[in-house]
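Engineer: Have a look at the structure that comes next, please.
The values are calculated or read from the model by the stated rules, or taken from the named source; none is laboratory data. In this text, all values refer to a predicted model and were calculated from it rather than measured experimentally. Cβ coordinates were reconstructed from backbone atoms using ideal geometry, including for glycine residues, and neighbour counts include every protein chain displayed. What goes into the accessible areas is simple: the full protein's heavy atoms, side chains included, and nothing from ligands, DNA or RNA. Shrake-Rupley method; radii C 1.70, N 1.55, O 1.52, S 1.80 Å.
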Amino acid sequence: MYGVSVFPGMGVEVEKKLKYMERAAEGGGKYLFTSPETLEANSETGDSELAEIVEKARSLGMTVILQISKKDFERYEWSRYGEFIFRVSRGFTGKEIVALSKDYRIQLDAGTMHEEVLEELMELGVSPEEISMGYDCYPRRDTGISIELLRERNKVFKRYGMEVMAFVGSQNKRMGPLFEGMPTVEAHRNLNILVGTQELLAEGCDVVLIGDTMASGKELRAIGEITEGEWLLPTKGYPMSSEEREIFEGFHRERIDQGEYVVRSRNLSEEGVLKEIPQKICSERKAGSVTIDNCLYGRYQGELQIVKRNLSADERVNVVGRVEDRGRLLNRIKPGDRFRLYKINK
C-alpha cells in the first residue's frame, strides 16, 4: 500500500538511508522507489550505492521500483539488481517498451499517458496485466496536478485493471535542491501526510510513495496505521477530561442519517454508556472543530461531532480538538463510514 523513496547521492549518508528504509519496513512499507538519474549530479558516489539501496530493499522484502532513462538502461548491467519494476522514463519508443515488458515488470508515466497511447501499446503486444501506471512527483511549487485530473486518469487505468502509484510529500526533511516537497497533487504539498495518502487511495491509487527521502518517524508511524474501511483524521487535541479523552480516542462511525453541518459519531448513551461530561471549553466552533456535548445537553451528552462549517459557541458543547485536513477528508466521510481521530500533538 505504501512505500518510500531513497536515492543514491543527494548529500545524505548511505547509512542513514538504510536505517530509514528499515524503519519504513517495520511500519509496513512495502515499496522502494529509486533511480540512478540522481547520480548525474552526484557522480562521486558511483553506482555502488544504488546497488546497496536495492539490495537492502530486497532484504527487507520491499518491491523495488527503479526509474530509468534510455541512457541509464544502456549504461548499467541490470541483471545484477535482480527482479524489480522498471519505471520507464525518457527516450523509449513504443516497440522498445513492448520488448522490455517481456523481461521486466513495467511502469509507465500516468500523468502523461492517454488512452490512445495505451491502446497502441496493446496493439504492439503489451498486456495490461504486465504494466502498472505511476504518477510523477513535482518538486517545483505550484506544478503538481489536481485531484480531479488524477481521478479522471485513474478511471481509465482501472478499466484496464492496472495498478496505480502516486506520491505524497513529507513535512519533515524535504529533498533538495528546492526543498519544497515531492507530492503528485499540488493541494497536498503542505498538508499532513495522512490527508494526501488517504485521498490518493480514495481516488483509486493502489500504492502511495513518500516522495521526499527522509520522512519523520511520526509520519512513517501515521501512514502505517491507515487501514481500509476507516478514515484516520489528523487531529490536534485540546485539554480535556479523562471522560472526554476516552470518547476522543475511541473508534467512531458516522450516523446513517448524516447531518449537513457536522460529522456525527453515534451517541454513547444510545449504547447504554453514559458518563458525566463537565462543561469546559465552549468556544466558537470553527470548521474542523471536534466537539463533545457536555452534561447540559441532556440525552445528547457524550456525543462527538466534527464541524464542517463555522458554528457559534454553545454552552452545552465542549470543543476538544481540531481536525487538520482543510476539509479534504471530512467532506469524503459518507453515512456509516468508520473514522478515528489520530492525535498529531502531545
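Engineer: What is the sum of charges, Lys and Arg at +1 and Asp and Glu at -1, for the other residues whose Cβ falls under 12 Å from the Cβ of ILE223?
Structural biologist: My count for the surroundings of ILE223 gives +2.
Engineer: With springs connecting C-alpha atoms under 10 Å apart, model the chain as a Gaussian network and identify which of PRO128, PRO177, PRO335 has the largest mean-square fluctuation.
Structural biologist: PRO177
Engineer: Assuming R0 = 45 Å, what is the FRET efficiency of ASN310 and THR112, from their Cβ-Cβ distance, to the nearest 0.05?
Structural biologist: On the way: r = 41 Å, r/R0 = 0.90.
E(calc), rounded to 0.05, equals 0.65.
Engineer: In debye, nearest 20, what is the charge dipole magnitude of the stretch 140-260 about its Cα centre with +1 on Lys and Arg Cβ and -1 on Asp and Glu Cβ, if you could check?
Structural biologist: Computed charge dipole of the stretch 140-260: roughly 560 debye.
Engineer: How many percent of DSSP beta bridges within the stretch 126-228 run antiparallel, rounded to 5?
Structural biologist: Counting only bridges with both partners in the stretch 126-228, antiparallel ones make up about 10 percent.
Engineer: If the elastic network links every pair of Cα atoms under 10 Å, which of GLU180, GLU120, GLU52 fluctuates the most in the Gaussian network model of the chain?
Structural biologist: Result for the chain, Cα springs under 10 Å: GLU120 fluctuates most.
Engineer: Still on this structure, please answer the following. Compute the distance from the alpha-carbon center of the stretch 106-181 to that of the stretch 1-28, in whole Å.
Structural biologist: For the stretch 106-181 versus the stretch 1-28, the Cα centre distance is 22 Å.
Engineer: Between GLY9, TYR135, LEU209, whose Cα lies farthest towards the positive end of the dipole of the chain when Lys and Arg beta carbons carry +1 and Asp and Glu beta carbons carry -1, centred on the Cα centre?
Structural biologist: LEU209
Engineer: Oh, and also: Along the charge dipole of the stretch 45-169, Cβ charges K/R +1 and D/E -1, which of VAL88, LEU150, SER69 sits furthest on the positive end?
Structural biologist: Most positive-ward Cα: LEU150.
Engineer: Compute a Gaussian network model of the chain, connecting alpha carbons closer than 10 Å, and tell me which residue from GLY211, GLY134, GLY61 fluctuates the most.
Structural biologist: It is GLY61.
Engineer: Across the stretch 47-64, in residue order, what do the Karplus-derived ³J(HN,Hα) couplings come to in whole Hz, using 6.51 cos²θ - 1.76 cosθ + 1.60 with θ = phi - 60° and x for Gly and Pro?
Structural biologist: My calculation for the stretch 47-64 gives 9, 5, 5, 4, 4, 5, 5, 5, 5, 4, 4, 5, 5, 8, x, 8, 6, 9 Hz in order.
Engineer: For the chain, what does -39500 (n - 2.57) per DSSP helix run (n ≥ 4), summed and divided by total residues, give at 222 nm, in deg cm²/dmol to the nearest 500?
Structural biologist: Working: 9 runs with 86 residues, N = 346.
Helix contribution divided over all residues of the chain: -7000 deg cm²/dmol.
Engineer: Considering the dipole of the chain built from charges on the beta carbon (Lys and Arg +1, Asp and Glu -1) around the Cα centre, which of ALA57, VAL195, MET21 is farthest to its positive end?
Structural biologist: Checking the options against the dipole of the chain, the answer is VAL195.
Engineer: Give me the one-decimal Kirkwood hydrodynamic radius in Å for the stretch 1-130, with the sum taken over alpha-carbon pairs. Write down the numbers at each step before the final one.
Structural biologist: Details: mean 1/r = 0.0640 Å⁻¹.
Hydrodynamic radius (Kirkwood, Cα pairs) of the stretch 1-130 is 15.6 Å.
Engineer: Give me the percent of the accessible area of the chain that comes from carbon and sulfur atoms, probe 1.4 Å, all protein chains in place.
Structural biologist: 48 percent
Engineer: Can you tell me the dipole magnitude for the chain around its Cα centre, using point charges on the Cβ only (Lys, Arg +1; Asp, Glu -1), in Debye to the nearest 20?
Structural biologist: 1080 debye
Engineer: Under a 1.4 Å probe, what is the accessible area of the chain per residue, stated in Å²?
Structural biologist: I get 46 Å² per residue for the chain.
Engineer: With 25 Å as the cut-off, how large is the P(r) tail for the chain, expressed as percent of Cα-Cα pairs?
Structural biologist: Within the chain, distances greater than 25 Å cover 57 percent of Cα pairs.
Engineer: Through the Karplus equation 6.51 cos²θ - 1.76 cosθ + 1.60, θ set to phi - 60°, convert the phi angles of the stretch 148-156 into ³J(HN,Hα) values in whole Hz; use x for Gly and Pro.
Structural biologist: 5, 5, 4, 4, 5, 5, 5, 4, 5
Engineer: Separate question: When we measure straight from the Cα of LYS346, which aspartates and glutamates land under 17 angstrom away, once same-chain ones fewer than 8 places off are left out?
Structural biologist: Cross-link targets: GLU219, GLU244, GLU246, GLU249, GLU324.
Engineer: Taking every DSSP beta bridge that has both residues in the chain, what percent is antiparallel when rounded to the nearest 5?
Structural biologist: 35 percent
Engineer: OK, next. Report the net charge of residues surrounding PHE86, where surrounding means a beta-carbon distance below 15 angstrom and charges are Lys +1, Arg +1, Asp -1, Glu -1.
Structural biologist: Charge balance in the 15 Å sphere: -2.
Engineer: Between their Cα atoms, which of LYS30/LYS70; LYS218/LYS343; LYS16/LYS70; LYS30/LYS71; LYS173/LYS218; LYS56/LYS343 are more than 21 Å away from each other?
Structural biologist: Working: LYS30/LYS70 27 Å; LYS218/LYS343 11 Å; LYS16/LYS70 30 Å; LYS30/LYS71 28 Å; LYS173/LYS218 12 Å; LYS56/LYS343 32 Å.
From the list (LYS30/LYS70; LYS218/LYS343; LYS16/LYS70; LYS30/LYS71; LYS173/LYS218; LYS56/LYS343), the Cα-Cα distance tops 21 Å for LYS30/LYS70; LYS16/LYS70; LYS30/LYS71; LYS56/LYS343.
Engineer: What Rg and what Dmax come out for the stretch 94-186 when only alpha-carbon atoms are used, in angstroms?
Structural biologist: Radius of gyration, then largest Cα-Cα span, for the stretch 94-186: 14.9, 45 Å.
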